[in-house]
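Visitor: This is the structure I have questions about; it appears just below.
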Amino acid sequence: MSNPVLVEVTRGNLVESRHRGTVIAVDGDGKTLFALGDTDGAVFPRSACKAMQALPLVESGAADAYGFGDKALALACSSHSGESEHVELATEMLSAAGRDVSALECGAHWSFYQKNLIAQARTLEKPSALHNNCSGKHAGFICACCHSGTAVEGYAGYDHPIQQEIRGIMESLTGGLLTRDNCGVDGCSIPTYAVPMKGLAHGFARMATGVGLAAERARASKRLIEACMAEPFYVAGTDRTCTRLMKAAPGRVFAKTGAEGVFCAVIPEKGIGIAVKCEDGTTRAAESMVAATLARFFAEDPEVKAALMAQANHSMSNWNGIHVGDVRVTEAFAS
């Protein structure tokens, strides 16, 4: 099955680029509400599934034991920009468990946020693992291990107890079988698994609704999603798409990006889970796809729908501020 063109990028009066992709929205029972492309195909969700990976932090009791509020829980689900607030909070999370940056196994990279990047380049010899966009997630893993008495060293490995637990959680939520056969290594060194698009969306719908989940997991899922919606800056950062999508409908939308053109989202009040994948891995197209998909479920709220569609369809300017073209979703979203 050939996936449809879902996003076009224009220059002048011509289409310069076209992006094919897959979109699916389902409810807690797994009923498909909207779909485009091959939704049975498997994708690596990458960082889009971090809220699922953060469940052990809450379910183990570690989050309560260490006094974590919404900001820390949001950071545990984040792909943050490495801004000072993110680095400081990741440091505090590790400190709560008696650990420091040396425990992180995610590797180091410079901040994604240009102002911080410039400041870091001026003042630091090199970045630390705290600047890694996944340091909040990894801090959550370490805290869960420390609280349960599990050895921390090697926590990023496939066979470590925390990764085994996460594997079981994701299987339970998505209905997919996760083994070494469909496992890769993520950018931050933990395992990442290819799962069917529909299963991924259904997993998030179940987190939003609690359908088919044990009471403890349903509570933990709701707590994480609500924390992210309450503190969108700590999920991403300044002017990041995740942050902007959640600010477009405060407390009503959860959104999380993943590498290679993946996005997941939740509309808790409607019990809807969403997954999108840009076939060629382009982030700008995935951002437009998820914004347009979210917008279709806010038809009764024109202001929110317009704000989301403004992110789906937007102009591009060059360095002199001259309008050069547009990013826009195709008519496929009008179906």
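The values are calculated or read from the model by the stated rules, or taken from the named source; none is laboratory data. Being a predicted model, the structure only gives us computed values, none of them experimental. Virtual Cβ from ideal backbone geometry, glycine too; neighbours counted across all protein chains shown. For accessibility, only protein heavy atoms count, side chains too; no ligands or nucleic acids. Shrake-Rupley method; radii C 1.70, N 1.55, O 1.52, S 1.80 Å.
Visitor: Arrange the peptides 9-20, 270-281, 228-239 so that the one whose residues have, on average, the most other Cβ atoms within 10 Å appears first.
Guide: Going by the mean number of other Cβ atoms within 10 Å, highest first, we get 270-281, 228-239, 9-20.
Visitor: Another question, then. Please report how many Lys pairs in the stretch 5-333 have alpha carbons closer than 18 angstrom, counting only residues at least 8 apart along the chain or sitting on separate chains.
Guide: So the count of such lysine pairs works out to 26.
Visitor: In addition: Between the stretch 298-317 and the stretch 131-147, how far is it from one alpha carbon centroid to the other, in angstrom?
Guide: If you average the Cα positions of each part, the centres end up 34 Å apart.
Visitor: Putting +1 on Lys and Arg Cβ atoms and -1 on Asp and Glu Cβ atoms, find which of A144, S95, C106 reaches farthest to the positive end of the dipole of the stretch 5-333.
Guide: My answer, from the dipole projection, is C106.
Visitor: By the gyration tensor of its Cα atoms, with a ≥ b ≥ c the square roots of the eigenvalues, what is the shape of the stretch 1-132: rounded for a/c under 1.5, prolate for a/b over b/c, or oblate?
Guide: oblate
Visitor: Using θ = phi - 60° and the Karplus relation 6.51 cos²θ - 1.76 cosθ + 1.60, list the HN-Hα couplings for the stretch 319-329 in order, rounded to whole Hz, with x at every Gly or Pro.
Guide: 5, 8, x, 8, 5, 10, x, 9, 9, 8, 7
Visitor: Also, I was wondering about something else. Give the list, by residue number, of cysteines in the chain with no other Cys Cβ closer than 4.7 Å, or say none.
Guide: If one checks each Cβ against the other cysteines of the chain, C49, C77, C143, C145, C146, C183, C228, C242, C264, C278 turn up with nothing under 4.7 Å.
Visitor: Something else about it: If amide H atoms are built 1.01 Å from N in the plane of the peptide, which residues on other chains or at least 5 residues away come under 5 Å of the amide H of V262?
Guide: For V262, whose amide H was placed from the backbone, the distant partners under 5 Å are C278.
Visitor: Let me ask another. Accessible area of the stretch 5-333 with a 1.4 Å probe: how many percent of it is carbon plus sulfur?
Guide: 48 percent
Visitor: For the stretch 5-333, give the magnitude of the charge dipole about the Cα centre (Cβ charges: +1 Lys/Arg, -1 Asp/Glu; no others), in debye to the nearest 20.
Guide: Dipole size: approximately 380 debye.
Visitor: Then there's this: Find the accessible area per residue for the stretch 5-333; the probe is 1.4 Å, ligands and nucleic acids are left out, and the unit is Å².
Guide: Value for the stretch 5-333: 40 Å² per residue.
Visitor: From the helices alone, meaning DSSP H stretches of at least four residues, give me the mean residue ellipticity at 222 nm for the chain, per-run term -39500 (n - 2.57), in deg cm²/dmol to the nearest 500.
Guide: -12000 deg cm²/dmol
Visitor: A further question on this structure: Using the Karplus equation 6.51 cos²θ - 1.76 cosθ + 1.60 (θ = phi - 60°), what ³J(HN,Hα) coupling, rounded to whole Hz, does each residue of the stretch 293-305 give in order, writing x for Gly and Pro?
Guide: Whole-Hz 3J(HN,Hα) from phi for the stretch 293-305: 5, 4, 4, 5, 9, 10, 4, 7, 10, x, 5, 5, 4.
Visitor: With N set to the number of residues, divide the alpha-carbon radius of gyration of the stretch 193-328 by 2.2 N^0.38 Å and report two decimals.
Guide: Relative to the 2.2 N^0.38 Å estimate, the stretch 193-328 comes out at 1.08.
Visitor: Would you work out which of A119, G271, V185 lies farthest towards the positive end of the dipole of the chain, given +1 charges on the beta-carbon of Lys and Arg and -1 on that of Asp and Glu, about the Cα centre?
Guide: Most positive-ward Cα: G271.
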